[in-house]
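Only one structure is covered here, and it is reproduced in the block below.
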Amino acid sequence: MKKRLLTGLQPSGALHLGNYFGALKPFVDLYQDYDSHLMVVDYHALTTIKDPSTLRQNTKDVIRDYLAVGVDPSEAIIFKQSDVPEHTELAWIFECLVTVPFLELAHAYKDKVAKGLEANAGLFNYPMLMAADILLYDTEVVPVGQDQKQHVEYTREAANKFNIAYGDTFSAPKEMILEGVGVIPGTDGTKMSKSYKNTIPLFGTKEEVQKAVMGIVTDSTGERPENVFSIHKLFRPESELVNLYEENKGSYKTLKEALLDDIEKLITPMREKRESITDEEIKSVLKEGAEKARARANAKMVEVRKKIGVTL
Ligand code: TYM
């Protein structure tokens, strides 16, 4: 029996190299050795996106990205969170088990409040929806970036709380954060993130990628443009880069062009594949994925509903 693996990405905007190297590529490299699930978590994105056509478009784009980077839908269940209502159902049950102070410590909520912004209740409960995503499928391994570590810890806690209250039902999943890709830096050297506006798009046009790469902040004190180097490391072995950077010491433009070339080499074939994927194909992948995911989620929820006392 293969172990169960699951991950998900929010359709909250165009995917970037941080999403790719931190989560998607690890998934692609591993998924055939596991019983794998890949979601687009549209209800999570609803905490920030209020425009229906944007959500619709982003969701289709993320599925298109999944197929373009090489996930074969016959070897993984690719699905949309909102197609499986058991996710929000189980999230509610977990919300009735964990406390408000516990959720107040979750990063996404805490950061928003620290910035003086008003968080919606969805953002507050966000970790319990993620716990439901993971636990519904008896997931053992969750490939994610470092920023999701706390969420997987919260997931284990939700499982634990449920098991204590109602008896053994959920096993503890483990995050898989691969070395060197846990925190992909953005163009300013801090974590690449949509909200920091420091991203390099995964499937931008050549011009968009070029603009982002040329915008990488280089500090003129060091010998080596570290922000360029640390992104470049994702594309080529460090041993090769050391020579390249030594030969072009101080010539930031040449080094950025070299990085751009390496990015293009990786992305061009995927971009071509992406362009050939039709909306019809996306719909059919999602239809099949929803059926498979619902069958699994429903079986688990039959057990959960009995245990909590809502099945009469
Ligand atoms: P999201 O949509 O913010 O990001 C998707 C994945 O990309 C990773 N990531 C990064 N990794 C390394 N360096 C970066 N700069 C970087 N930026 C993003 C994230 O760690 C993540 O793995 N809550 C999740 C989505 C989610 C989920 C799940 C994930 C919902 N349910 C169940 C796994 C399992 C999120 O907001 O990811």
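Just a few scattered comments:
- A count restricted to the range 25-56 and to residues that are touching a residue at least 60 places away in the same chain (Cβ under 8 Å) and open to solvent by less than 50 Å² (accessible area, probe 1.4 Å) stands at 9.
- Which listed residue, of K194, K206, is closer than 30 Å to W92 by Cα and basic (K, R): K194
- The set of residues in the range 11-26 that are within 6 Å of the ligand (Cβ to nearest atom) and touching a strand residue (DSSP E or B) at 6+ places or on another chain (Cβ under 8 Å) comprises G18, N19, A23.
- The range 72-98 residues that are within 20 Å of Y34 (Cβ to Cβ), paired with ones that are open to solvent by 50 Å² or more (accessible area, probe 1.4 Å) (beta carbon under 6 Å, 6 or more apart): E75/Q32; I77/K292; Q81/Y43; V84/R294
- Residues in the range 111-134 that are more than 10 Å from the ligand (Cβ to nearest atom) and either part of a helix (DSSP H, G or I) or closer than 20 Å to M39 by Cβ (or both): D111, K112, V113, A114, A121, G122, L123, F124, N125, M128.
- Test: residue in the range 149-171 that is within 30 Å of V217 (Cβ to Cβ) and either in contact with a helix residue (DSSP H, G or I) (Cβ under 9 Å, 6 or more places away or on another chain) or near the ligand (Cβ under 8 Å from one of its atoms) (or both): yes
Conditions tested, residue by residue: (1) modelled with pLDDT of 95 or more; (2) over 29 Å from D111 (Cα atoms); (3) surrounded by 16 or more Cβ atoms within 10 Å (Cβ to Cβ).
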residue: K194; (1), (2), (3): no, no, yes
residue: I200; (1), (2), (3): yes, no, yes
residue: A212; (1), (2), (3): yes, no, yes
residue: R224; (1), (2), (3): no, yes, yes
residue: I231; (1), (2), (3): yes, no, yes
residue: E238; (1), (2), (3): no, yes, no
residue: E246; (1), (2), (3): no, yes, no
residue: S251; (1), (2), (3): no, yes, no
residue: L260; (1), (2), (3): yes, yes, yes
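- Contact annotation: residue pairs with Cβ atoms under 6 Å, 6 or more positions apart or on different chains, pairing a residue in the range 189-211 that is over 17 Å from T48 (Cβ atoms) and touching a residue at least 40 places away in the same chain (Cβ under 8 Å) with a partner that is more than 11 Å from the ligand (Cβ to nearest atom) and part of a loop (DSSP other than H, G, I, E, B), are P201/A14.
- Residue check for F102: closer than 30 Å to K161 by Cβ and buried (at least 22 other Cβ atoms within 10 Å of the Cβ): no
- Residue satisfying all of: in the range 144-172; without any contact (Cβ under 8 Å) to a residue 60 or more places away in the chain and open to solvent by less than 20 Å² (accessible area, probe 1.4 Å); farthest from F229 (Cα to Cα) among these: F170
- Subset of the range 231-265 (residues that are among the hydrophobic types (A, V, I, L, M, F, W, C), in contact with a Phe, Trp or Tyr (Cβ under 8 Å, 6 or more places away or on another chain) and more than 24 Å from A23 (Cβ to Cβ)): L255
- Within the range 173-192, restricting attention to residues that are touching a strand residue (DSSP E or B) at 6+ places or on another chain (Cβ under 7 Å) and near the ligand (Cβ under 8 Å from one of its atoms), the residue that is least open to solvent (accessible area, probe 1.4 Å) is M192.
- Residues within the range 79-96 that are more than 11 Å from the ligand (Cβ to nearest atom) and in contact with a Phe, Trp or Tyr (Cβ under 6 Å, 6 or more places away or on another chain), tallied: 1
- Only helices (runs of 4 or more DSSP H) whose full extent lies in the range 206-296 are considered here, and the ones with at least 2 residues that are over 30 Å from V84 (Cβ atoms) and of a type in the set (D, E) are 206-214, 238-247, 252-275.
The values are calculated or read from the model by the stated rules, or taken from the named source; none is laboratory data. Source: prediction; values computed, not measured. Cβ atoms come from the backbone with ideal geometry, glycine included; neighbour counts cover every protein chain shown. Side chains included, ligands, DNA and RNA excluded: accessible areas come from the protein's heavy atoms. Shrake-Rupley method; radii C 1.70, N 1.55, O 1.52, S 1.80 Å.
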